[in-house]
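Below you'll find the structure, written out as structure tokens, and then a few comments.
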Amino acid sequence: EKNGVQAMMKFLRSVLALGLLTACGPDAVKRASEDPWSSKNQSIRSVNESAKTSIAPKVVDGNTVKQSALSLLLDNTESNNSRFRANAIEALRYAPNDLLERVLRLALGDNNRGVRFVAAMMIGEKKLCSLSMLLEPLLLDESESVQAAALYSLYRCGLKVDLNLLAHMLQSGNPELQGNAAMVLGMMGNTSAVHMIRDALKVPQD
């Protein structure tokens with residue numbers, strides 16, 4: 001009987017001790033979240049901080065982008081680098097015609113034949129035929145490639161041109177001139193030029 005009472009008392013002390021520990025300490029969930037090895041706190045904090053610091057996406061204004069692009073291209077039409085000038089003119093094909101016309105008026109008198117070539121071609125490609133009168137002096141340009149471009153744009157504006165001049169260019173043996181003349185004839189879409197281009201393939205190049 002004495003042993004039974006002692007066992008009961010020992011059991012009650014154990015239960016009491018366990019109860020005190022449980023009552024005084026943090027609950028298991030809270031304790032787990034505060035353990036140094038747990039990433040729960042960090043995860044919750046990082047999510048909350050991200051929500052506070054996230055930047056809402058900005059709406060890009062199309063007109064602003066367009067004006068920036070046009071400004072960049074216009075600046076490059078005045079570059080000291082002739083390649084930049086030529087490339088800028090080609091990209092300006094998508095610009096308003098009045099702006100493009102102003103650029104082309106100046107570019108037709110550029111000191112670089114590549115720029116003059118691109119400008120002369122652009123008149124025909126965009127059918128800016130109000131500038132066709134400016135092409136006539138280019139029929140006597142020192143560069144035959146520029147002459148070919150002028151012929152193309154005059155043709156596109158409904159004027160008659162002498163295709164024999166382009167045929168002569170195809171027979172020149174100059175790779176640049178032959179290539180430009182063939183391109184111009186192709187863009188004209190005149191099927192009578194097919195045999196001239198085929199004959200040009202037989203001409204030795206310098």
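For the subset of segment 126-168 comprising residues that are assigned to a helix (DSSP H, G or I) and acidic (Asp, Glu), which member is least open to solvent (accessible area, probe 1.4 Å)?
Glu144
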*Looking at (1) under 30 Å from Leu134 (Cα atoms); (2) at pLDDT below 90; (3) open to solvent by less than 70 Å² (accessible area, probe 1.4 Å), can you tell me which one Gly25 breaks?*
(1)
*Quick one: count up the residues across segment 64-90 that are surrounded by 15 or more Cβ atoms within 10 Å (Cβ to Cβ) and either free of Cβ contacts under 8 Å to residues at least 24 places away in the same chain or touching a Phe, Trp or Tyr at 6+ places or on another chain (Cβ under 7 Å) (or both).*
5
*Those residues that are open to solvent by 30 Å² or more (accessible area, probe 1.4 Å), assigned to a helix (DSSP H, G or I) and free of Cβ contacts under 8 Å to residues at least 24 places away in the same chain, I need them from segment 183-196; list them, please.*
Met183, Gly186, Thr191, Val194, His195
*Might you check whether a residue that is β-branched (Val, Ile, Thr), open to solvent by less than 30 Å² (accessible area, probe 1.4 Å) and within 20 Å of Met183 (Cα to Cα) occurs anywhere in segment 91-108?*
no
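The values are calculated or read from the model by the stated rules, or taken from the named source; none is laboratory data. A quick note: this is a predicted structure, and the numbers were derived from the prediction, not measured. Quick reminder, even Gly has a Cβ in these numbers, built from the backbone with ideal geometry, and neighbours come from all protein chains shown. Heavy atoms of the whole protein, side chains included, go into the accessibility calculation; ligands, DNA and RNA do not. Shrake-Rupley method; radii C 1.70, N 1.55, O 1.52, S 1.80 Å.
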